[in-house]
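K.L.:
I am attaching a structure below and will ask some questions about it afterwards.
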Amino acid sequence: MANLTAHPGGPAPQRVRAVPPAKRRSGVRGTLRSEFTKIRSVRSTWLTLAAFFAVTPAAAILLSAGSSSSAGQASFDPTATSLQAVLYTATLIIVVIGVLVITSEYGTRMMGTSLAAMPRRGVLYAAKAIMLTSVTLVVGLITSFSAFFAGQAVLASTHGAATITSQGALRAVLLTGVFVPCCALLAFGLGAIIRHTAGAITALFGMVWVIPLLASALPRGWQHSVLRWLPGDSALYPITATKPAGTPYFFGPYSEVAVFAGYALIAVVAGALLFLRRDA
């Protein structure tokens with residue numbers, strides 16, 4: 001409400017604003033900077049990323065070493081062998097960051113403070129999703145390339161290694177890197193829905209690991225029709241594959257990434273709707 005101050009015989013009354021001008025409201029750019037600061041300043045983020053960076057190349061080396069005896073076979077896919085490590089570790093480790101980006105503020109009751117600083121809930125939610133996507137995409141691409149080269153270094157002695165210029169290798173590496181932020185966003189959306197760290201991680205593991213396992217018990221005809229639409233387990237293999245794997249009922253690499261990204265999009269949208277309507 002404005003306050004009018006009048007002076008007899010003086011100038012016209014001046015209008016004093018009770019709220020700051022609209023241009024001083026918190027905006028998208030400031031909120032993005034704030035969310036990036038939160039991500040890089042939280043110790044759990046660095047510990048999780050360090051684990052991801054350390055475990056993934058090591059897993060690629062172990063998988064490649066364990067498969068080296070099959071390197072001479074025509075069906076052996078060296079690219080998929082090393083990149084499978086990224087898929088496994090992403091669904092086990094990187095999802096923790098996706099969940100914590102939003103559930104940590106609920107757990108510490110800091111969400112109310114964040115909303116006081118940025119009362120526009122949609123902007124706050126979008127900023128969290130954008131920064132999470134940016135960070136995990138960079139991390140995913142770096143880790144995907146490192147896992148590929150680490151695995152192929154092990155397979156080089158068997159003369160069955162691939163190079164980045166081999167047919168389908170670069171595509172597989174890039175799609176695997178893109179899969180990482182999809183994993184993080186799926187976890188982020190579930191975190192916004194459930195608002196509890198352990199509950200969101202448990203729900204994600206159920207979607208990615210348990211449900212595909214249960215679907216494998218279906219009759220063969222139903223099994224093939226269902227597995228291609230599930231966000232995990234064997235349906236992820238085409239993302240890394242450069243050779244036919246004897247599973248023609250799965251979609252191609254781009255389509256399987258799109259299926260997983262679709263689950264992530266649904267979770268993020270559902271989380272946004274609840275975030276806009278529920279109390280902190």
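The values are calculated or read from the model by the stated rules, or taken from the named source; none is laboratory data. Because the structure is predicted, anything quoted here is derived from the model rather than measured. Reconstructed Cβ throughout: ideal geometry from the backbone, glycine too, with neighbour counts over all protein chains shown.
K.L.:
Which of the following residues is in contact (Cβ under 8 Å) with a residue 12 or more places away in the chain and either under 18 Å from ARG40 (Cα atoms) or among the polar types (S, T, N, Q) (or both): TYR125, TYR106?
P.N.:
On inspection, the qualifying residue turns out to be TYR125.
K.L.:
Moving on. Does ARG228 satisfy the criteria of being modelled with pLDDT under 95, on the phi > 0 side of the Ramachandran plot and basic (Lys, Arg)?
P.N.:
So ARG228 fails the test.
K.L.:
Separate question: Given the structure, is ASP279 free of Cβ contacts under 8 Å to residues at least 40 places away in the same chain and surrounded by fewer than 13 Cβ atoms within 10 Å (Cβ to Cβ)?
P.N.:
In short, yes.
K.L.:
Checking ALA126 against (1) touching a helix residue (DSSP H, G or I) at 6+ places or on another chain (Cβ under 7 Å); (2) buried (at least 16 other Cβ atoms within 10 Å of the Cβ), which test does it fail?
P.N.:
(1)
K.L.:
Look through THR108, THR165, THR176 and report the one residue that is at pLDDT below 90, of a type in the set (Val, Ile, Thr) and out of contact with any His (no Cβ under 9 Å at 6 or more places or on another chain).
P.N.:
Just a single option satisfies the conditions, and that option is THR108.
K.L.:
Please tell me if PHE53 is among the aromatic types (Phe, Trp, Tyr) and at pLDDT 90 or above.
P.N.:
For PHE53, the condition - among the aromatic types (Phe, Trp, Tyr) and at pLDDT 90 or above - is met.
K.L.:
For segment 161-204, which positions are charged (D, E, K, R) and touching a Pro at 6+ places or on another chain (Cβ under 8 Å)? So that I can check it myself, show each step before the final result.
P.N.:
Quick first cut of segment 161-204, residues charged (D, E, K, R) only: 171, 195.
Residue satisfying the conditions is ARG171 alone.
K.L.:
Only helices (runs of 4 or more DSSP H) wholly contained in segment 172-280 count here; list those with 3 or more residues that are under 23 Å from GLU105 (Cα atoms) and among the aliphatic types (A, V, I, L, M).
P.N.:
197-205, 253-277
K.L.:
Quick check, is VAL210 of a type in the set (A, V, I, L, M, F, W, C) and at pLDDT below 95?
P.N.:
Answer is yes for this residue.
K.L.:
Next up: Just for segment 215-246: of the residues that are hydrophobic (A, V, I, L, M, F, W, C) and surrounded by fewer than 16 Cβ atoms within 10 Å (Cβ to Cβ), which one is nearest to CYS182 (Cα to Cα)?
P.N.:
Result: TRP229.
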